[in-house]
Amino acid sequence: MPADIQRARALLEVGRWEQAQQELVGYLATAPQSVEGLCLLARCHQLAGRFHPMLDAAEQAIGAAPDNEWPHRLRSIALGKLGRVRGRRT
(Lines give C-alpha, C1' and ligand atoms only; values in the text may rest on other atoms or scores of the structure.)
Protein backbone atom coordinates (compact mmCIF):
# COMPACT_ATOMS: atom_id res chain seq x y z
CA MET A 1 0.00 0.00 0.00
CA PRO A 2 1.43 3.41 -0.94
CA ALA A 3 2.61 5.58 1.94
CA ASP A 4 0.20 8.40 0.96
CA ILE A 5 -2.74 6.02 1.23
CA GLN A 6 -1.50 4.74 4.59
CA ARG A 7 -1.19 8.30 5.91
CA ALA A 8 -4.63 9.23 4.58
CA ARG A 9 -6.19 6.16 6.23
CA ALA A 10 -4.48 6.96 9.53
CA LEU A 11 -5.65 10.57 9.39
CA LEU A 12 -9.22 9.50 8.65
CA GLU A 13 -9.16 7.11 11.61
CA VAL A 14 -8.44 10.02 13.96
CA GLY A 15 -10.98 12.35 12.34
CA ARG A 16 -8.51 14.56 10.49
CA TRP A 17 -10.27 14.37 7.13
CA GLU A 18 -8.97 17.74 5.89
CA GLN A 19 -5.36 16.56 6.17
CA ALA A 20 -6.34 13.19 4.70
CA GLN A 21 -7.87 14.98 1.75
CA GLN A 22 -4.64 16.93 1.18
CA GLU A 23 -2.65 13.67 1.17
CA LEU A 24 -5.10 12.13 -1.29
CA VAL A 25 -5.13 15.08 -3.69
CA GLY A 26 -1.35 14.86 -3.91
CA TYR A 27 -1.44 11.10 -4.39
CA LEU A 28 -4.20 11.23 -7.01
CA ALA A 29 -2.19 13.75 -9.03
CA THR A 30 0.24 10.91 -9.72
CA ALA A 31 -2.23 8.00 -9.63
CA PRO A 32 -5.57 9.38 -10.88
CA GLN A 33 -7.12 5.93 -11.39
CA SER A 34 -6.46 4.70 -7.85
CA VAL A 35 -9.75 3.23 -6.70
CA GLU A 36 -8.66 3.26 -3.08
CA GLY A 37 -7.48 6.86 -3.32
CA LEU A 38 -10.71 7.98 -4.97
CA CYS A 39 -12.86 6.12 -2.44
CA LEU A 40 -10.95 7.60 0.46
CA LEU A 41 -11.33 11.04 -1.12
CA ALA A 42 -15.08 10.42 -1.43
CA ARG A 43 -15.09 9.51 2.26
CA CYS A 44 -13.34 12.79 3.12
CA HIS A 45 -15.99 14.70 1.20
CA GLN A 46 -18.70 12.72 3.00
CA LEU A 47 -17.29 13.66 6.40
CA ALA A 48 -17.14 17.30 5.31
CA GLY A 49 -20.76 17.22 4.15
CA ARG A 50 -19.74 17.91 0.53
CA PHE A 51 -21.91 15.40 -1.28
CA HIS A 52 -21.51 16.63 -4.87
CA PRO A 53 -17.71 16.17 -4.74
CA MET A 54 -18.29 12.87 -2.93
CA LEU A 55 -20.46 11.72 -5.82
CA ASP A 56 -17.85 12.86 -8.36
CA ALA A 57 -15.06 10.94 -6.63
CA ALA A 58 -17.21 7.82 -6.28
CA GLU A 59 -18.16 7.93 -9.95
CA GLN A 60 -14.51 8.30 -10.96
CA ALA A 61 -13.71 5.24 -8.84
CA ILE A 62 -16.56 3.32 -10.51
CA GLY A 63 -15.09 4.24 -13.89
CA ALA A 64 -11.71 2.89 -12.81
CA ALA A 65 -13.09 -0.34 -11.29
CA PRO A 66 -16.73 -1.01 -12.19
CA ASP A 67 -16.76 -4.40 -10.43
CA ASN A 68 -15.54 -3.02 -7.10
CA GLU A 69 -18.44 -2.63 -4.65
CA TRP A 70 -16.94 0.12 -2.46
CA PRO A 71 -17.34 2.98 -4.95
CA HIS A 72 -20.91 1.87 -5.69
CA ARG A 73 -21.70 1.99 -1.98
CA LEU A 74 -20.22 5.48 -1.68
CA ARG A 75 -22.16 6.62 -4.76
CA SER A 76 -25.35 5.33 -3.21
CA ILE A 77 -24.70 7.24 0.01
CA ALA A 78 -23.96 10.45 -1.93
CA LEU A 79 -27.11 10.10 -4.03
CA GLY A 80 -29.17 9.56 -0.88
CA LYS A 81 -27.70 12.64 0.79
CA LEU A 82 -28.43 14.67 -2.35
CA GLY A 83 -32.02 13.45 -2.36
CA ARG A 84 -31.57 11.73 -5.68
CA VAL A 85 -33.11 8.36 -4.90
CA ARG A 86 -36.13 6.72 -6.38
CA GLY A 87 -38.90 5.24 -4.28
CA ARG A 88 -39.06 1.49 -4.00
CA ARG A 89 -41.38 -0.34 -6.30
CA THR A 90 -43.53 -3.07 -4.80
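The values are calculated or read from the model by the stated rules, or taken from the named source; none is laboratory data. Only a predicted model underlies this, so the values are computations on that prediction, with no experimental measurement involved. Every residue, glycine as well, gets a Cβ built from its backbone with ideal geometry; the counts of neighbours run over all protein chains shown. We work out accessible area using only protein heavy atoms, side chains counted, and drop any ligands, DNA or RNA first. Shrake-Rupley method; radii C 1.70, N 1.55, O 1.52, S 1.80 Å.
Numerical summary
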{"quantity": "Range of Cα positions in the chain per principal axis (Å), largest first", "calculated": "47, 26, 18"}
{"quantity": "Which of LEU41, LEU24, LEU82 is most accessible, then next, and so on - probe 1.4 Å", "calculated": "LEU82, LEU41, LEU24"}
{"quantity": "In sequence order, calculated HN-Hα J values of segment 50-57 (Karplus, 6.51, -1.76, 1.60; Hz; x Gly/Pro)", "calculated": "9, 7, 5, x, 4, 4, 4, 5"}
{"quantity": "Accessible area expressed per residue, the chain, with surrounding protein chains retained (probe 1.4 Å, Å²)", "calculated": "63 Å²"}
{"quantity": "Once exposed loop trypsin sites (Lys or Arg not before Pro) are cut out (DSSP; at most 12 other Cβ, 10 Å), longest piece of the chain", "calculated": "1-83"}
{"quantity": "Computed helical MRE - 222 nm, the chain, DSSP H runs ≥ 4 contributing -39500 (n - 2.57), nearest 500", "calculated": "-23500 deg cm²/dmol"}
{"quantity": "Vicinal HN-Hα couplings computed from phi for segment 26-31 (Karplus, 6.51 cos²θ - 1.76 cosθ + 1.60; Hz; Gly/Pro x)", "calculated": "x, 5, 5, 5, 9, 9"}
